[in-house]
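These notes are about the structure you will find just below.
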């Protein structure tokens, strides 16, 4: 989220709808960045409230999330798709009634055998992995900004490189 805040020159500071928000006006487009503050397994509550509040359709929603099913630093942009093993995406799909919305997945890789999942996803990486993750966060933000400006095809072109 930090890369999107930097790109749009805003700070997520407004607490509302179970998340921290920032609103940006870019020409005639209103862009809302939101970081849910619910437990990850209940992310859908925040997302559903956000769409209702702004009277937005699901195709105007871009969900960006970590994914243990992708190698560290891998970015995948999709037009739609299932939630996979991600409980936050399951919550969003349940609250919205389907999975027909774009998303950006950022790979973290799976935890070492016997390791704690939360600690792994939120933990510190070695220097090489951190470099990959930083590059992935930047590319994901670039893809999200491209989606806003030019649509999903351009976001996929940028995000799915490599």
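Values quoted throughout were computed directly from the atomic coordinates according to the rules given, and no laboratory measurement underlies them. The structure displayed is predicted, hence computed values, not measured ones. Cβ placement follows ideal geometry from the backbone for every residue including glycine, while neighbour counts extend to all protein chains displayed.
Here are a few things to note about the model shown:
- With 0.36 nm allotted per residue and the present C-alpha distance subtracted, the residue 80-residue 38 stretch has 12.8 nm of extension available.
- Rounded, prolate or oblate (a/c below 1.5 giving rounded, otherwise prolate when a/b exceeds b/c) for segment 48-93 by Cα gyration tensor: prolate
- Principal-axis tilt of helix 127-150 within the chain, Cα atoms, nearest 10 degrees: 20 degrees
- Principal-axis tilt of helix 43-53 within the chain, Cα atoms, nearest 10 degrees: 20 degrees
- 154, 57 arranged by Cβ crowding within 10 Å, fewest neighbours leading: 57, 154
- Relative contact order of segment 2-156, taken over Cα pairs closer than 8 Å and 6 or more residues apart, is 22 percent.
- Angle of helix 87-96 to the longest C-alpha principal axis of the chain, folded into 0 to 90 degrees and rounded to 10: 20°.
- Protection proxy ranking of 8-14, 37-43 - average other beta-carbon atoms within 10 Å, highest first: 37-43, 8-14
- Hydrodynamic radius (Kirkwood) for the chain, which is based on Cα pairs only, to one decimal in Å: 16.2 Å
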